[in-house]
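Shown next, in structure tokens, is the structure this report addresses.
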């Protein structure tokens, strides 16, 4: 029903500003670029405006040169409809929410269960793996033919949001959509390589060094890694190793929760804590004890303490939930 | 056409010995166990006989207790049809090929392009991602309803043979089959965890230590790791780290070929060499220079030398192919 209303909203309006959330990733980019293609196919005017610059691992996506970064010039753009994809709330698009959308139609296309239904038209489907899976359905609903580039964009969104089809958000429909996209001759091995085989050599060596320092608690269910300042300079730059480290820690037999502690992040005197769970422990609730947040299986918080104290406090909260 | 002949062969015979290749893995197990279920549904007699014991990471598969290990008793089993899945040649099933199958029908169900068509009935489909994808089609062809356990078996075969749907053997049809399997309510995140999150803690620390020693040649296209005897005790036992190491090496930006050298394997005075390619270099041909073999993207060989000499000789052969 909401899908039909979204399609109707697109037909009714003539010029669009498209955006997605900050810390832009595969699904945000895939769905906004594919939506742009859909609008262009319909002869509409459209512009994509993001707060963030394009992350290096996504420069291979077709059409990325169309994306504009938010600034004073983009503020002055005239449009009828403000279309947000993959945003659970209006604030998720960051500075782009500062665009003047009074008297414009706000179109909200999202798959997060927590979506605040901030739009004039809200198409929210928490059963969809990704915003890209939803935009695929929009193409089908509006009977707009796909092309290879669009298929690649939507595929990247689905690939990255499902962890290559293995997260629990992967459904029968997700595979059905992927089956449809692969008919356009996209190079799945090449796309995977572009999206994932991009660790700088020096970082891979550091990953190894860091990994040899992992710890495990006596229950065998919590793995953690505590990184000191000397790692601080490298993690935020060029390439973020934290996802790799957390993913490797989670692949240890018996581990329910993996935690990464980084002293001196975001500044001296603080520790950045990232948590990942296999599902048994709700790490969103653990992070909430320290005024952080996230999802049941992925969350984060910042604690004003030394690493040692942060480890002790966080592990204690996890243990309470493992009993 | 061959699919129809395979179905006819199954209908015509009453008792079956099923086997798969040695070094049994997800697709071999998934397809042989699912074929067993299909035969049982038809009221046939069937027994699965493998040379190898079940690898620890696959004990979670439904029905594995039905698998018999080849011995003198299994030799005496009476049957009409010898069904091999995922075997490019009769010899691939190891000792099980010693079973007396004279005057029996040999049914060959396989997806390897190199298949020697050794059967009386040969159903070989090199476009199928896996033998499990083929057995799924057999269920459909014979109009035998699937159940959740069978769906899980076939899913594991497809998952592991496609590297979670990202190897180049993944087709639109692979996803279509996965869409069909997910309708049975299988737990994809749980299955992935069973199949992949099984690295012993001590091995993960060793992985880190090993990883910090990776090297890269001046072209930036070859990454290698040379492991000495002190690692030898750990790699073959309990858990084999080599796939993890090679996979991490391949995820380094710009790397076309990753090579692992292990001194003292399989015995003193030898070096076991494992090669992985992104596709540009045919590492099957590199391994063939040293009397080894495999596929274009994955191969291996054994060289009688010290690590240093083996590295020099192998890298030289790779460089010839990178020019």
Handout entry: Hits in the range B:4-36 - residues which are in a helix (DSSP H, G or I) and under 14 Å from residue B:131 (Cβ atoms)
Key = B:6, B:26, B:27, B:28, B:29, B:30, B:31, B:32, B:33, B:34, B:35, B:36
Fill in the blank from the handout: Counting only residues that are without any contact (Cβ under 8 Å) to a residue 40 or more places away in the chain and more than 29 Å from residue A:88 (Cα to Cα), the range A:292-307 contains a total of 1
Fill in the blank from the handout: If we keep only residues of the range A:166-217 that are in contact with a strand residue (DSSP E or B) (Cβ under 6 Å, 6 or more places away or on another chain), free of Cβ contacts under 8 Å to residues at least 24 places away in the same chain and within 7 Å of chain B (Cβ to nearest Cβ), then the residue nearest to residue B:204 (Cα to Cα) is A:204
Problem - Breaking point among (1) touching a helix residue (DSSP H, G or I) at 6+ places or on another chain (Cβ under 6 Å); (2) in a loop (DSSP other than H, G, I, E, B); (3) within 20 Å of residue B:139 (Cβ to Cβ), for residue B:43 - result: (1)
Fill in the blank from the handout: The correct count of residues that are assigned to a helix (DSSP H, G or I), more than 14 Å from residue A:262 (Cα to Cα) and within 27 Å of the chain's Cα centre (by Cα) in the range A:290-318 is 3
Exercise for the section: Check residue A:155 against each of (1) assigned by TED's automatic domain parsing to the domain that holds residue A:6; (2) over 22 Å from the mean Cα position of the chain (by Cα); (3) in contact (Cβ under 8 Å) with a residue 60 or more places away in the chain and name the one condition it does not meet. Expected result: (2)
Completion exercise
Expected single match for over 13 Å from residue B:179 (Cβ atoms) and buried (at least 24 other Cβ atoms within 10 Å of the Cβ) among A:188, A:124 is A:188
Handout entry: Which listed residue is more than 20 Å from residue B:124 (Cβ to Cβ) and surrounded by fewer than 22 Cβ atoms within 10 Å (Cβ to Cβ), from B:54, B:33, B:3
Key = B:54
Practice task
Report whether or not residue B:154 is at pLDDT 90 or above and more than 7 Å from chain A (Cβ to nearest Cβ).
Solution key: yes
Exercise for the section: Could you tell me whether any residue of the range A:110-120 is buried (at least 24 other Cβ atoms within 10 Å of the Cβ), touching a residue at least 60 places away in the same chain (Cβ under 8 Å) and away from chain B (no Cβ under 13 Å)? Expected result: no
Exercise for the section: Only residues that are more than 26 Å from residue A:152 (Cα to Cα), at pLDDT below 95 and in contact with a strand residue (DSSP E or B) (Cβ under 8 Å, 6 or more places away or on another chain): list them for the range A:62-89, please. Expected result: A:74, A:77, A:78
Problem - Residues being surrounded by fewer than 24 Cβ atoms within 10 Å (Cβ to Cβ) and under 19 Å from residue A:251 (Cα atoms) - total across the range A:148-168 - result: 6
Handout entry: Residue list for the range A:218-261, restricted to those being modelled with pLDDT under 90, within 25 Å of the chain's Cα centre (by Cα), more than 19 Å from residue B:211 (Cα to Cα) and away from chain B (no Cβ under 12 Å)
Key = A:232, A:233, A:236, A:237
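The values are calculated or read from the model by the stated rules, or taken from the named source; none is laboratory data. Bear in mind the structure is a predicted one, so any value in this text is a computation, not a measurement. We place every Cβ from the backbone using ideal geometry, glycine too, and count neighbours over all the protein chains shown.
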